[in-house]
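First up is the structure itself, then whatever we jot down about it.
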Ligand code: NAP
């Protein structure tokens, strides 16, 4: 087990991971629990968080399921307050919740645009604004935002690529504003990761998930697709004390260079 030993005189740190019922968020939540943090598992449907919470508690960790739509201001604020009251002041935040509404620009609806901006950008803003006060009070914090290689442009993803590029600017600004409080902000930009999100893309393309994975792996220098655990390992590093001089960065985790 990869463990981040915490000094015994320090209380356990509390981390919030959004969209943690499955996929990358679930892997980050489990990894953070192994690293010794109490973990708030946030997702749209509270009951959907049970599998992640149960996996953590079965391993002896502490976790709390919280249902929240991160794009709803009151709900985001309430979720962060609940985590602080029931688990401890959150000083680590991973803005991971995400959706795709892919379509070519000429077919993209305003709803497709607004939904994607709402979850990725507005959601990350609301969650960060609510959580930052606990970090600035503690004079320590870690904010990790999930961007994507799609930020560099991707056919059929005008909404998603704009949101993921926007998150990079958001991240750098957080790093500038919050650095003096001991808070770092970084973005992880994954390439192809095998999750329900990429499974949905395969369905939309009319091919099986296995065909999609095989084709994608051939295009990636390390000749495999990414796993949620690849992203969790990067998040684990960024959350550590020893990563305190890494801030405002976008780390591409894509099995090769990205352009
Ligand atoms: P996923 O399997 O689809 O999981 C995303 C989770 O976010 C779901 O549990 C979803 O809940 C939840 N969610 C959606 N809208 C929400 C909202 N408004 N409030 C709270 N939770 C919400 O996706 P993933 O592949 O793990 O992706 C995780 C993150 O990595 C996303 O930000 C994604 O854009 C990014 N990313 C993924 C890839 C990839 O290849 N998979 C590549 C680059 C970046 P529901 O199930 O109820 O909708």
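The values are calculated or read from the model by the stated rules, or taken from the named source; none is laboratory data. Computed from a predicted model, the values in this text were never measured in an experiment. Please note: Cβ atoms are built from the backbone with ideal geometry, for glycine as well, and neighbour counts cover all protein chains shown.
Run down 214, 229 and say which single residue is in contact (Cβ under 8 Å) with a residue 12 or more places away in the chain and either in the same structural domain as residue 22 (by TED's automatic domain parsing) or assigned to a helix (DSSP H, G or I) (or both).
After ruling out the rest, the residue left standing is 229.
Out of the residues in the range 217-226 meeting the condition of being within 14 Å of the ligand (Cβ to nearest atom) and touching a helix residue (DSSP H, G or I) at 6+ places or on another chain (Cβ under 8 Å), tell me which one is farthest from residue 103 (Cα to Cα). Steps first, answer last, please.
Applying the first criterion (within 14 Å of the ligand (Cβ to nearest atom)) to the range 217-226 yields 217, 219-220, 224-226.
Next, only the ones that are touching a helix residue (DSSP H, G or I) at 6+ places or on another chain (Cβ under 8 Å) stay: 224-225.
On the way: 224: 26, 225: 23 Å.
Selected residue: 224.
Pick from the range 135-160 the residues that are crowded, with 23+ Cβ neighbours inside 10 Å, more than 15 Å from the chain's Cα centre (by Cα) and more than 11 Å from the ligand (Cβ to nearest atom): which of them is farthest from residue 249 (Cα to Cα)?
Within the range 135-160, the match that is farthest from residue 249 (Cα to Cα) is 159.
If a residue counts only when it is closer than 22 Å to residue 162 by Cα, which helices (runs of 4 or more DSSP H) contained entirely in the range 1-113 have at least 2 such residues?
On the way: elements: 23-34, 50-58, 73-86.
So the answer is 23-34.
Just to be sure I understand the filter: pairs with C-beta atoms under 6 Å, separated by 6 or more residues or on different chains, first member in the range 35-62 and in contact (Cβ under 8 Å) with a residue 24 or more places away in the chain and closer than 16 Å to residue 19 by Cβ, second member more than 16 Å from the ligand (Cβ to nearest atom) and in a loop (DSSP other than H, G, I, E, B). Which pairs pass?
Cβ pairs passing all conditions: 40/87.
Within the bounds of the range 20-29, is there any residue that is assigned by TED's automatic domain parsing to the domain that holds residue 164, in contact (Cβ under 8 Å) with a residue 12 or more places away in the chain, closer than 22 Å to residue 138 by Cα and touching a helix residue (DSSP H, G or I) at 6+ places or on another chain (Cβ under 7 Å)?
yes
Within the range 233-245, identify whether any single residue is surrounded by 20 or more Cβ atoms within 10 Å (Cβ to Cβ), under 15 Å from residue 98 (Cα atoms), assigned by TED's automatic domain parsing to the domain that holds residue 20 and touching a strand residue (DSSP E or B) at 6+ places or on another chain (Cβ under 8 Å), and answer yes or no.
Within the range 233-245 (the criterion being surrounded by 20 or more Cβ atoms within 10 Å (Cβ to Cβ), under 15 Å from residue 98 (Cα atoms), assigned by TED's automatic domain parsing to the domain that holds residue 20 and touching a strand residue (DSSP E or B) at 6+ places or on another chain (Cβ under 8 Å)), the answer is no, since none of the residues qualifies.
Pull up the range 189-211, narrow it to residues that are farther than 21 Å from residue 222 by Cα and in contact (Cβ under 8 Å) with a residue 24 or more places away in the chain, then point me to the one that is farthest from the ligand (Cβ to nearest atom).
Restricting to residues being farther than 21 Å from residue 222 by Cα and in contact (Cβ under 8 Å) with a residue 24 or more places away in the chain, the top hit is 204.
Does residue 203 satisfy the criteria of being out of contact with any strand residue (DSSP E or B) (no Cβ under 7 Å at 6 or more places or on another chain), assigned to a helix (DSSP H, G or I), over 20 Å from residue 93 (Cβ atoms) and modelled with pLDDT under 95? First the steps, then the outcome.
Values: out of contact with any strand residue (DSSP E or B) (no Cβ under 7 Å at 6 or more places or on another chain): yes; assigned to a helix (DSSP H, G or I): yes; over 20 Å from residue 93 (Cβ atoms): yes; modelled with pLDDT under 95: yes.
Yes; evaluated as a whole, the condition is true for this residue.
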